[in-house]
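Notes to accompany the following structure.
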Amino acid sequence: MSADLTLAFDPDCHIFTGCGFPAPGLHTFLYEPIATVGGFEFTKPMLLALLGSIAIIAFFWAAFAKPKVVPGKVQMIGEAGYDFVRRGIVYEIIGKKDGEKYVPFMVSLFFFVWIMNLWSIIPLAQFPVTSLIAFPAGLAAIVYVMWVGLTFKKHGFAGGWKNILGYDKSLGAILPLIMVLEFFSNLIIRPFTHAVRLFANMFAGHLLIVMFSLATWYLMNGLGFVYAGASFVMVIVMTAFELFIQAVQAYVFVLLASSYIQGALSEHH
């Protein structure tokens, strides 16, 4: 739970005691600064993002710093994860020839997003970093800049605009309309939806888990115990479902990033 939610929650507040249900809201995602340096506030989500980055680097360093012909357990897991992204996403979307150079970036992106999501169900952390829009927006911006840069690098200035706008003389009279739609779709809507898709899923999932967790505690009084059990079961179900969604959202985020790169390298979207 967030610092603000913890302060607002009364542990003696239960059903039939005269207090209302402490429903979670936006305050659930607000944290008091852990430290403030030169006006910069360092919060728990920032700490989790930093720890997640260190964990990913440490894992792959341990897996591949001294690779062996007969891999150990850590190297085997690392190879499986790397190969999943390389063959299951990059090769499938971009192709083996053009996609190989983008594999390290996509692998890093996948595991970073995944562990940022995974913090949601890790004890003491219990918060998906990607439920704060700034993190998905930052990652989407990196992909966006890469896509635009590759488009103009591959096709030149005029060709790049044709690629982005879907220029095709065979469309005839509707070509201007298509170009306007492609402009807004590719340059404005695309990065927005890329970020919001990840953010919204993690935001909603975390909110549901917090709601059922609070409901379990709130109902633990009198006849409410019967419903508290059902609410606790929902906490377990939602946590298991969240595990699935966390992996899926990391997959989808990288899948879309690969799709954008493929579009930059091809003649038309």
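A few points about this structure:
- Note on region 242-269: residues that are open to solvent by 60 Å² or more (accessible area, probe 1.4 Å) and free of Cβ contacts under 8 Å to residues at least 24 places away in the same chain amount to 1.
- Of the listed requirements (1) more than 22 Å from Met202 (Cβ to Cβ); (2) at pLDDT below 85; (3) open to solvent by 60 Å² or more (accessible area, probe 1.4 Å), Ile77 misses just one: (2).
- Looking only at residues in region 167-183 that are loosely packed, with under 11 Cβ neighbours inside 10 Å and of a type in the set (A, V, I, L, M), the one that is nearest to Leu255 (Cα to Cα) is Leu177.
- Restricting Phe110, Phe105 to those that are open to solvent by less than 40 Å² (accessible area, probe 1.4 Å) and in a helix (DSSP H, G or I) reduces the list to Phe110.
- Extreme residue, most open to solvent (accessible area, probe 1.4 Å), among residues of region 47-69 that are under 30 Å from Leu207 (Cα atoms) and without any contact (Cβ under 8 Å) to a residue 12 or more places away in the chain: Ile57
- In region 124-148, residue nearest to the chain's Cα centre (by Cα) [restricted to those that are farther than 30 Å from Leu207 by Cβ and open to solvent by less than 40 Å² (accessible area, probe 1.4 Å)]: Trp147
- Verdict on Asn186 being touching a residue at least 40 places away in the same chain (Cβ under 8 Å), closer than 30 Å to Gly229 by Cβ, buried (at least 21 other Cβ atoms within 10 Å of the Cβ) and of a type in the set (S, T, N, Q): no
The values are calculated or read from the model by the stated rules, or taken from the named source; none is laboratory data. Here the structure is a predicted model, which is why all the values come from computation and not from measurement. Note that we place each Cβ from the backbone using ideal geometry, even for glycine, and neighbour counts take in every protein chain shown. Just so you know, the surface numbers come from the protein's heavy atoms only, side chains and all, with ligands and any DNA or RNA stripped out. Shrake-Rupley method; radii C 1.70, N 1.55, O 1.52, S 1.80 Å.
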